[in-house]
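Working notes for the structure below.
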Number of protein chains: 2
Amino acid sequence: MKLNRVGHFLLISFILCSFSLSIYSDEGMWVYNNLPKKILKEKYQFDVTDAWSDHLMKSSVRFNSGGSGSFISSTGLVLTNHHVGSGMLQKISTPEHDYYKDGFYARTQADERPAMDLELNQLVSIEDVTERVNTAVKPGMTAEQANTARKKAMGQIETESFEKTGLRSDVITLYNGGQYQLYRFKRYTDVRLVFAPEFGIAFFGGDPDNFEYPRYDLDMCIFRVYEDGKPAKIEHYLKWSEKGAIDGELIFVSGHPGSTSRMLTVAAFEFLRDLRIPYHLSYLLRQEVLLQQYSSLGEEQARRAKNLLFSIQNSRKVYDGRMKGLQEPSLMQAKQKTEYQLRAMVEKDPNLKELAGAWQKIAEAQVTARKNYIKRTLLEAGQGFNSVLFSIARTLVRMADEDLKPNDERLPEYRAPARPSLELQLYSDAPIYEDFEEVKLSDSLSRLVSIFGENHSLVRAVLQGQSPQARAAALIKGSTLKNPDVRRLLASGGKKAIDSSYDPLIMLAKLVDPAARKIRKTYEEKVTEVERQSYAQIAKALFAIHGTNQYPDATFTLRLSFGQVKGYTEDGKHVPSMTTIGGAFEHELKHSAKEPWKLPESWHLKKKDLDLSTPFDFVSTADIIGGNSGSPVVNRDGELVGLIFDGNIQSLISDYFYTDEQNRAISVHSSTMREAMQKIYGAEALVTEIGK
Amino acid sequence: MKLNRVGHFLLISFILCSFSLSIYSDEGMWVYNNLPKKILKEKYQFDVTDAWSDHLMKSSVRFNSGGSGSFISSTGLVLTNHHVGSGMLQKISTPEHDYYKDGFYARTQADERPAMDLELNQLVSIEDVTERVNTAVKPGMTAEQANTARKKAMGQIETESFEKTGLRSDVITLYNGGQYQLYRFKRYTDVRLVFAPEFGIAFFGGDPDNFEYPRYDLDMCIFRVYEDGKPAKIEHYLKWSEKGAIDGELIFVSGHPGSTSRMLTVAAFEFLRDLRIPYHLSYLLRQEVLLQQYSSLGEEQARRAKNLLFSIQNSRKVYDGRMKGLQEPSLMQAKQKTEYQLRAMVEKDPNLKELAGAWQKIAEAQVTARKNYIKRTLLEAGQGFNSVLFSIARTLVRMADEDLKPNDERLPEYRAPARPSLELQLYSDAPIYEDFEEVKLSDSLSRLVSIFGENHSLVRAVLQGQSPQARAAALIKGSTLKNPDVRRLLASGGKKAIDSSYDPLIMLAKLVDPAARKIRKTYEEKVTEVERQSYAQIAKALFAIHGTNQYPDATFTLRLSFGQVKGYTEDGKHVPSMTTIGGAFEHELKHSAKEPWKLPESWHLKKKDLDLSTPFDFVSTADIIGGNSGSPVVNRDGELVGLIFDGNIQSLISDYFYTDEQNRAISVHSSTMREAMQKIYGAEALVTEIGK
C-alpha cells in the first residue's frame, strides 16, 4: 500500500446520489434467488438461465476458515487461494517440513494430506422464511422479547430443516433484517491437500504489494473432498477455459463476500468512523508489532506466527483503507445526501410514512453501541483473552450450559444443526504452541487491564493479584486443553465435569462467562434487534420506491458478482488489465530480488520452459470484498477463467461504497495456473484431471 | 526483547521498603554538588576528591539531540554512541553516500564533516538558587500567579547569568520542585564528524537484540568540536585506559539521564499506568507500522525513515517494559507501602505535619492531568501535527509573538539565553523530504480527527473540509519552509511578516496556537505548579527524615552514577559481565548471518588480524536511563574504560525503581573500540590522537 497517495476517493461522490442501481454500473453482490437478470441483459446482452446459475451455484463452495472456492473436477478437486488454504498449510507444517513456505504436491491420492478441521459447504437450496420469522415477533413486544422470539423461530426453522434433510441449515438475515432466508448446505469435512505452490510466489511482493496492482501472485491451492474415504463424486464443477480471461470480456464471480456496510445509515457510519474502525485499527497495530517481535526470536517462532501475522497485516491494510474512506468528507456527504433524499421520499408518501422513524431508532441504537461495543469485543468476542486455548475453554464451558436448555433456546452456535461444525473445530488436532499462546494471552490481558482499569472487579478476579505476564504463563502452562482427548472427555462429562474442573483456563472461562453473556445479551437486544427491525423498515421503503431488484449487504453467503476484465487510470496513467509471467521476473529484478520480491528457486530453474507472455494476474470491475478470496471467475459459458485473490487499494472502501471508476478485483489468470502446474511443478496429472 | 519472559520483577519488592538508600545498593543518579561520598567511601573505600569530580564533570558533554558524551583529547575529540550521532549521520547522508549505513572516517581534519544543527554543552558551574525562586512565590498566591511569578524569577536568573557570563544558563528544577539550581554551560556548535563504524556493527542484532544481553555492538561515534574554525583546545578530557574495564571493579558513569519517576506518589504512578504509558505505547505502535510501511516503498524511503524508525522501536520497547513494570502488582504494592510509611512519619512529626497535605494535592492534580494530558500532547507537544515543517512553523509563529514581550515574561524556550540554541535548530540545513513529511502529517491528522472527533471545531478548521490525506498533501506541498532562507526571512520580519504570511503551515500554526497555548497554560498551572509545590513539601519531609543525601529524579542534567562491572543471574543461569569479539562472530553464525545479525564485510576481511579474546561489551550495576547513551564509563583513576549504550531488559523499569539484582547498564568496552579503530578501520592516527 502506498501511504502517500492522496485523493483516491475524490471522483466518486457524484455516483452515490441514490440507492437505486444505475444499469451502467457493475455494482452488486447478488443473491442467487434474485439475480440481476435485467441489468445483464441490457448492459451485456447476457441471458441468465436457471440451468446456468444453478450449475454455478452448486460448483461454488465456502471454506469455514473464511474464504471461497469451486469444484473443478468430478473427482472432488477444489480450487481456492493459497491464503485461504494457509491456515491448514500452517497446521500440517512442522519445523522439519514447512509446506506453507515450500509448497506441496501429492503425486498420488495416497499422498494427499488430510486437513485437520477444514469444512467446505456447498449451497444446495434457498427458501424464503421472512414471514415465519417476522410473525414470531408479535406487535407490542419489547426488544428483549422480540429478540428471544425471533431467535427461537430461526432456531426452530433450522432444526426442522436439519432433521428433515440432514443438511446444514442456516437462517440468513438479509438487508440487515429486511429478509430471512433458509440456506441449506451440503457439508464436506474430509478435505485433503493436493497442491500448493511456494509461499514466495503465492504472496510474491508480500505485505508491500498487498492491495497493489500490477501484481504477479500465484495465489492458488488445490484440495480434494472425500466421502466415505473415497474422492467425492461431484456433479457440478467448472470446466477450465482454454484461453482464460480476455481483456474486455464479461466475467462472473461466484463467492462469499464476508460483510459490507453499504445499507447502513449515516448514524451507523459515524459509529464506524468514530469508534469501531479506529478501535480495531489500534488493536491490529498492536498485534502486528507483537507478532513481529515474537517472530524475531527465531526461525521457528517466525514459522509459527507467519499465517497469523500476514492475516493481521492484511486486516490492518483493510482497516486503514476503510478509515481513510470514512474520513473522506465527500463520501460522507454523498451518504448524507442519499439518506436525506430517501427519508424525504418516505415522509412524503402516505403509504411509507409509518417507516420514517427507523433512522432515529438506528441512531439511538448507535448510542448504546458506543457504550457497549468495546466491552463486548473484549469479553464476548474474546479479544481480552487472545488464545486459542481460551476459545476452547469458553466453548466447553458454554456447551455444558447450553446443552441443559431445549435446543431452540440455545445460543445459535450450540444448536443441533451447528453442532457438527462446532465439534470439528473443538476437537481439532491442529498444533498449539504454548510459548506463542502465552505471548498472545499475556499481551491481551495487559491490554484488558489498561482498558478496564486495575480496579475493575472482573480484572482483579482474572489476574488474581498477578501481573498479566505471570498470570498468562500460569494459565497456559497449567492447562491440559492442548490435548484434544482432554477436551472430548470434558465435553462428554457435561456440566458436572466442567463444574468440577480445576483446569485454570476452564476456571477462567467460567469466571468471565456471566459478564460475557450479559454484554452479548445487552448488545443483541439494545443494538442488533433494534437495527434488524429498523433496517427491515428501511428495506421496505427501498423496495417500495426502487423495486426489489436490490442486492443485500454481504453476509458470508453465496453471491454472484459480474463485471468486465478492464484496466483503469491511476495518477493519470493507464494500468492495463493484465500482467504476464515475464513481468514477474522483471518485478523481481526491479526489487533486486530482495525479500519479499524473491521468486522461488523453482521458477528460475524452469524459466526457460515458460511462455513468458502468459497472462499472470488480471483485474476486473466485479464487486467483491474479503471472503471472496478463492472465488472462481467464469466467463459467459461458465468456464473457469480466473481465481479472485485480492482487490486494489481503491477497492478498500467498497465496504461502504462501490464505484467501477478505479475499484478493481484482482485474480490469478487460469492460464498461468495451468502453465505453472505443468511446467514448474510437474503436476501434469493434476492438470489432466481438472475439468474431468 | 524476549516477550515470553515472566517474573522479572518478582524479586524486587523487598528492597523498596523505604526511600532511604541502603549502602549496599549501587542506586542513584547523583548531582555533582551532592555526590554520594559517604557511600563510596564505606562500600568501595573510594575517596571522591574535588579535583577528581571537577575533572570528570568538565570532561562530560551533553548532546542537544538527546544523549551524552565525553572529551577524549585536548584537540576537541568527543566520544559518544553511534545511535546518538545517528541523527546527524542521517542528515549528512544522501541516496549516493549513506554514511549512516556504511560508516565514515575522516583521515584528515579537512575531511571532517560539519554537523548541521548539533550543539554540545559542557557543564561548567552549579549554583543553588532555590531560595530566590521560592521567595518569588508569595504566600496566598493562586497556582496561576505562583506559576507566573516562578517562571519570571527563573527567567530573570537565567538572563542575568547569561548577560554576565555569556554562558548558556538554565535554572534546573530538582526533586520535582524541591530545589532550583542554576547550571551554566559552555556551548559548542561547530561540531564535525570524525569517525563512525557501519550501522551493521553499531547496532548488531538490531531491534530483536535491543535491550538484550549478551551483546556485541560497537555503538560508538567520534566527533570533534571546533572554535573559530580550529579544533577547540580542551583542558578537561579523559585518558583512554590501557586495560579497560575489569570484571568486579568499581566504575563511574558521568552522563545525562533524561528523566525518572522514582519520587512520584502512588497517585502519579497510577496516572502513568492508566493513561500516559498506554497512550504513548499505542502512539508508538502506530508510528512503527507507519514507518515500516513507508520504508517498504523502496531503499531510498527506508534510508530516509531509518533513524526515526529505530528510535521509535527503541521507545516502544522502553514503554512496553515500563507498562509491564507498572502492571506488576508487587512493585505497586512496594510503592504504596513506602508512601504509607513516609506519610505516617510526616503525620506523627509535629514539625512536618504541615506538609501532610502534599499527597492529596498531587492526587488532585492527577485528576486534572487525566482530563488534559492527551489534548496537551496533541496540540502543545504537536503530536497531532507530526512533521518537522510544522514544528518550524510553530517556532516561527511563537517567536514573533514572544519577541513582543519583555524577555523574562516569554515562554522559557524563547528567552535570550535559550535563543542561540533555538536558532541553531530553526535554521538547520538538514534535509527535509516532502513525501516523508506528508506521510507523517497525514497519519497524525487522521489520528487527531479520530481522537477529537470530526465535529470538533478546531479539527474542522484544521481540515478545511478535506480528508487528512488531502489536507496534509496541500500543507506540505504548499509550504516554502523547507528552505532555511525562507525561515530566516520570516523570522527577521517579525510579527508583521508572520501575520501577512500565506504559507499554509504558518497559517495552520497560527490557527492552532491559541488552543495549544491555552492547554499548556492550564496544564502548567493546574498540574505542574501544583506538583512542584507539593513535591517540594515531600522533598522537605524526606530531607528531614532521611537527610539530604538523596539524589533527585533525572532531568537530562549531568549526573554521576557508580557501580561494579558485574554479571547477573537470569532464568537460573549466570550471565557473565563481558563478551568478546570472538563471541560476535559466533553470534552471527548462530543466526545464520541473517539481518540484523550480519557482521559488516570489513569485520570478516580483518577477522584474522583481530584478537578475538578482546572484551567487546560489558555490563555494570551503574544506575542509568535513556539520555545516558554515550556516557563515558571511567575507573577510579578517571580513565575511560567503556561507553554506555544500553540497559538490559530488566532495567526497563528503572524509570520507577532501581535494583542491582538484575538491572544492568550495557557498555562498549574501551579495548574493542581501540582494536576496531586500529585493525578494522585503519584509524591508527585517531587512536594516537586520543588521550593526547
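The values are calculated or read from the model by the stated rules, or taken from the named source; none is laboratory data. In this text the structure is predicted, and so the values were computed from the model without any measurement. For neighbour counting, all protein chains shown are included, and Cβ atoms are generated from backbone atoms with ideal geometry for every residue, glycine included.
Considering only the stretch A:217-235, how many residues are within 23 Å of the chain's Cα centre (by Cα) and part of a loop (DSSP other than H, G, I, E, B)?
Kept after step one, since they are within 23 Å of the chain's Cα centre (by Cα), are these residues of the stretch A:217-235: A:217-225.
Filter once more, keeping what is part of a loop (DSSP other than H, G, I, E, B): A:217-220.
Selection size over the stretch A:217-235: 4.
The single condition from (1) more than 14 Å from chain B (Cβ to nearest Cβ); (2) in contact (Cβ under 8 Å) with a residue 12 or more places away in the chain; (3) assigned to a helix (DSSP H, G or I); (4) not β-branched (Val, Ile, Thr) that A:Gln360 fails is (2). When residues in the stretch B:57-88 are screened for being outside any strand (DSSP E or B) and either of a type outside the set (A, V, I, L, M, F, W, C) or at pLDDT 95 or above (or both), 18 of them pass.
Against the conditions (1) touching a Ser or Thr at 6+ places or on another chain (Cβ under 7 Å); (2) without any contact (Cβ under 8 Å) to a residue 24 or more places away in the chain; (3) not small (Gly, Ala, Ser), B:Gln678 satisfies every one except (1). Report yes if some residue within the stretch B:332-345 is at the interface with another protein chain (Cβ under 10 Å from one of its Cβ atoms) and at pLDDT below 95; otherwise report no. Looking through the stretch B:332-345, at least one residue is at the interface with another protein chain (Cβ under 10 Å from one of its Cβ atoms) and at pLDDT below 95. Go through the stretch B:471-525 and give me each residue that's among the aromatic types (Phe, Trp, Tyr) and in contact with a Ser or Thr (Cβ under 9 Å, 6 or more places away or on another chain). B:Tyr523, the sole residue that qualifies.
Condition (residue is of a type outside the set (Lys, Arg), more than 21 Å from A:Arg460 (Cα to Cα), outside the structural domain of A:Met88 (by TED's automatic domain parsing) and surrounded by 17 or more Cβ atoms within 10 Å (Cβ to Cβ)) applied to the stretch A:381-388: is it met by at least one residue?
Yes, the conditions are met somewhere in the stretch A:381-388.
In the stretch B:462-507, of all residues being within 14 Å of another protein chain (Cβ to nearest Cβ) and surrounded by fewer than 18 Cβ atoms within 10 Å (Cβ to Cβ), the one that is farthest from B:Asn386 (Cα to Cα) corresponds to B:Gly465. If you go through the stretch B:280-289 and keep only what is at the interface with chain A (Cβ under 7 Å from one of its Cβ atoms) and not β-branched (Val, Ile, Thr), you end up with B:Ser282, B:Leu285, B:Arg286, B:Glu288. In the stretch B:262-279, the residue that is farthest from the other protein chains (Cβ to nearest Cβ) out of those that are in a helix (DSSP H, G or I) and of a type in the set (Val, Ile, Thr) is B:Val266. Within the stretch A:508-520, the only residue that satisfies the criterion of being surrounded by fewer than 16 Cβ atoms within 10 Å (Cβ to Cβ) and over 15 Å from A:Thr395 (Cα atoms) is A:Lys518.
With respect to B:Arg376, is the statement that it is surrounded by fewer than 22 Cβ atoms within 10 Å (Cβ to Cβ) and either under 30 Å from B:Gly87 (Cβ atoms) or assigned by TED's automatic domain parsing to the domain that holds B:Leu508 (or both) true? Judged against the criteria, B:Arg376 is a match.
Per-residue answers, yes or no, for (1) more than 23 Å from B:Gly76 (Cα to Cα); (2) out of contact with any Phe, Trp or Tyr (no Cβ under 7 Å at 6 or more places or on another chain); (3) in a helix (DSSP H, G or I); (4) without any contact (Cβ under 8 Å) to a residue 60 or more places away in the chain:
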{"residue": "B:Asp117", "(1), (2), (3), (4)": "no, yes, no, no"}
{"residue": "B:Met141", "(1), (2), (3), (4)": "yes, yes, no, yes"}
{"residue": "B:Ala149", "(1), (2), (3), (4)": "yes, yes, yes, yes"}
{"residue": "B:Val171", "(1), (2), (3), (4)": "yes, no, no, yes"}
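Of the conditions (1) in contact (Cβ under 8 Å) with a residue 60 or more places away in the chain; (2) over 27 Å from the mean Cα position of the chain (by Cα); (3) within 14 Å of chain B (Cβ to nearest Cβ), A:Pro329 fails just one. Which one is it? Among (1) in contact (Cβ under 8 Å) with a residue 60 or more places away in the chain; (2) over 27 Å from the mean Cα position of the chain (by Cα); (3) within 14 Å of chain B (Cβ to nearest Cβ), the lone unmet condition for A:Pro329 is (1). On inspection, A:Arg370 qualifies as part of a helix (DSSP H, G or I) and either in contact with a helix residue (DSSP H, G or I) (Cβ under 6 Å, 6 or more places away or on another chain) or modelled with pLDDT of 95 or more (or both). The lone criterion from (1) at pLDDT below 95; (2) part of a helix (DSSP H, G or I); (3) within 23 Å of A:Pro329 (Cα to Cα) left unmet by B:Arg532 is number (3). Taking residues in the stretch B:433-452 that are facing chain A (nearest Cβ under 8 Å), and partners anywhere that are β-branched (Val, Ile, Thr), the pairs with Cβ atoms closer than 6 Å and at least 6 places apart or on different chains are B:Glu438/B:Ile476; B:Val449/B:Val459.
Taking the stretch B:650-692 as the range and being among the β-branched types (Val, Ile, Thr) and within 18 Å of the chain's Cα centre (by Cα) as the test, the residues that pass are B:Ile653, B:Ile666.
Do you know which residues across the stretch A:168-227 are touching a Lys or Arg at 6+ places or on another chain (Cβ under 9 Å), basic (Lys, Arg) and closer than 28 Å to A:Leu308 by Cβ? The answer is A:Arg168, A:Arg187, A:Arg192, A:Arg224.
Residues that are in contact with a Lys or Arg (Cβ under 9 Å, 6 or more places away or on another chain), within 9 Å of chain A (Cβ to nearest Cβ) and in a helix (DSSP H, G or I) within the stretch B:296-324 comprise B:Glu299, B:Met323, listed in sequence order.
Hey, can you tell me all the residues within the stretch A:175-213 that are in a loop (DSSP other than H, G, I, E, B), over 23 Å from A:Gly583 (Cβ atoms) and hydroxyl-bearing (Ser, Thr, Tyr)?
If the condition is that a residue be in a loop (DSSP other than H, G, I, E, B), over 23 Å from A:Gly583 (Cβ atoms) and hydroxyl-bearing (Ser, Thr, Tyr), then A:Thr189 is the only one that fits.
Where strands (runs of 3 or more DSSP E) fall wholly inside the stretch A:620-674, the ranges with 3 or more residues that are touching a strand residue (DSSP E or B) at 6+ places or on another chain (Cβ under 9 Å), of a type in the set (A, V, I, L, M) and closer than 27 Å to A:Asp320 by Cβ are A:665-669. For the stretch B:236-261, a residue qualifies if it is part of a loop (DSSP other than H, G, I, E, B) and either among the small types (Gly, Ala, Ser) or buried (at least 21 other Cβ atoms within 10 Å of the Cβ) (or both), and the qualifying residues are B:Tyr237, B:Leu238, B:Ser241, B:Gly244, B:Ala245, B:Gly248, B:His256, B:Pro257, B:Gly258, B:Ser259, B:Thr260, B:Ser261. Residues that are more than 14 Å from every other protein chain (Cβ to nearest Cβ), crowded, with 17+ Cβ neighbours inside 10 Å, under 20 Å from A:Gly563 (Cα atoms) and modelled with pLDDT of 50 or more: does the stretch A:6-26 have at least one? Yes.
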